[in-house]
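Before we start, here is the structure in question, set down as structure tokens.
The values are calculated or read from the model by the stated rules, or taken from the named source; none is laboratory data. Keep in mind that this is a model prediction, so the values were computed, not measured. When we count neighbours, we look across all protein chains shown, and the Cβ atoms used for this are built from the backbone with ideal geometry, even at glycine. Ligands, DNA and RNA are excluded from the accessible area calculation, which covers all protein heavy atoms including side chains. Shrake-Rupley method; radii C 1.70, N 1.55, O 1.52, S 1.80 Å.
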Amino acid sequence: TEMNNRGFEVQRKINDGSFETIAFIEGKGTTMEQQNYIFTDKASVAGNYSYRLKQVDFDGSFEITDAVEVDFTAPVDFSLNQNYPNPFNPTTIINFGLAVDANVSIKIYNTLGQEVTTLLNGEMKAGLHDVEFNASSFSSGVYFYQIEAQGVNGTNFSSVKKMMLMK
């Protein structure tokens, strides 16, 4: 149940830094019904994180919970996941995992094998990442996305997946 609940600030602290608000979840005001809330942090860099909630009332008063510690480790393997949603219109998310820091390139190709755009090209830290593909200027059809990653430890990873744009 809730009374005068404006919402919750989700706060995160990385290693020995200070807490920063990373999200705000709207509260239900005053209600006698049980409420459930969920938030997923898409932390992309491996490390030690602390989380806490700052519950804020409409009058500005607040309470802060005790911190909870989480050790987020990097993926063991490189990976490229299926985009979602798929089919999509006009945007989709592509998730990938890096086992080590790497130079990463993600490119989009049409069915003729022609590169139509580069979504990402640069150095990235080990961890889970995602990139958005906005295809509002593309025509409907099947496209392929390819990741190429050269890890700092000399490992190479390449993978291709198919997606469908339906306008």
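Applying the selection to segment 39-63, what residues are of a type in the set (A, V, I, L, M) and either surrounded by fewer than 13 Cβ atoms within 10 Å (Cβ to Cβ) or in a loop (DSSP other than H, G, I, E, B) (or both)?
Ala43, Val45, Ala46 - these are the residues of segment 39-63 that are of a type in the set (A, V, I, L, M) and either surrounded by fewer than 13 Cβ atoms within 10 Å (Cβ to Cβ) or in a loop (DSSP other than H, G, I, E, B) (or both).
(1) more than 17 Å from the chain's Cα centre (by Cα); (2) outside any loop (DSSP other than H, G, I, E, B); (3) exposed (fewer than 15 other Cβ atoms within 10 Å of the Cβ): which one isn't true of Thr21, the others all being true?
If we test Thr21 against (1) more than 17 Å from the chain's Cα centre (by Cα); (2) outside any loop (DSSP other than H, G, I, E, B); (3) exposed (fewer than 15 other Cβ atoms within 10 Å of the Cβ), just (1) comes out false.
So Ile108 ticks every box in (1) outside any strand (DSSP E or B); (2) of a type in the set (Val, Ile, Thr); (3) farther than 30 Å from Asp16 by Cβ but one. Which box is left unticked?
(1)
While we're on this one: Can you confirm whether segment 84-102 contains a residue that is among the hydroxyl-bearing types (Ser, Thr, Tyr), surrounded by 13 or more Cβ atoms within 10 Å (Cβ to Cβ) and over 17 Å from the mean Cα position of the chain (by Cα)?
No, the conditions are met nowhere in segment 84-102.
Read through the list (1) open to solvent by 40 Å² or more (accessible area, probe 1.4 Å); (2) assigned to a strand (DSSP E or B); (3) over 30 Å from Asn15 (Cβ atoms), then give the number of the only condition that Tyr145 fails.
It fails just one condition, (1).
Give me the pairs: first residue in segment 142-155 and hydrophobic (A, V, I, L, M, F, W, C), second residue open to solvent by less than 20 Å² (accessible area, probe 1.4 Å), beta-carbon distance under 7 Å, and six or more apart or on different chains, which are they?
Short answer, once both residue conditions are applied: Ile147/Leu80; Ile147/Phe96; Ile147/Val104; Ile147/Ile106; Ala149/Leu98; Ala149/Ala102; Ala149/Val104; Val152/Ala102.
So for segment 104-111 (the condition being open to solvent by less than 40 Å² (accessible area, probe 1.4 Å) and either at pLDDT below 90 or in contact with a Cys (Cβ under 8 Å, 6 or more places away or on another chain) (or both)), does at least one residue qualify?
Checked against the condition, which is being open to solvent by less than 40 Å² (accessible area, probe 1.4 Å) and either at pLDDT below 90 or in contact with a Cys (Cβ under 8 Å, 6 or more places away or on another chain) (or both), segment 104-111 yields no hits at all.
In segment 156-167, what residues are of a type outside the set (Lys, Arg) and within 13 Å of Ser79 (Cα to Cα)?
Residues satisfying the conditions are Asn156, Phe157, Ser158, Ser159, Val160.
Sticking with this structure for a sec: Among the residues of segment 51-72, is there at least one that is closer than 30 Å to Val142 by Cβ and either in contact (Cβ under 8 Å) with a residue 40 or more places away in the chain or small (Gly, Ala, Ser) (or both)?
Scanning segment 51-72 turns up no residue that is closer than 30 Å to Val142 by Cβ and either in contact (Cβ under 8 Å) with a residue 40 or more places away in the chain or small (Gly, Ala, Ser) (or both).
Mind checking which residues of segment 112-142 are surrounded by fewer than 16 Cβ atoms within 10 Å (Cβ to Cβ), at pLDDT 95 or above and not in a strand (DSSP E or B)?
Leu112, Gly113, Gln114, Ser136, Ser137, Ser139, Ser140
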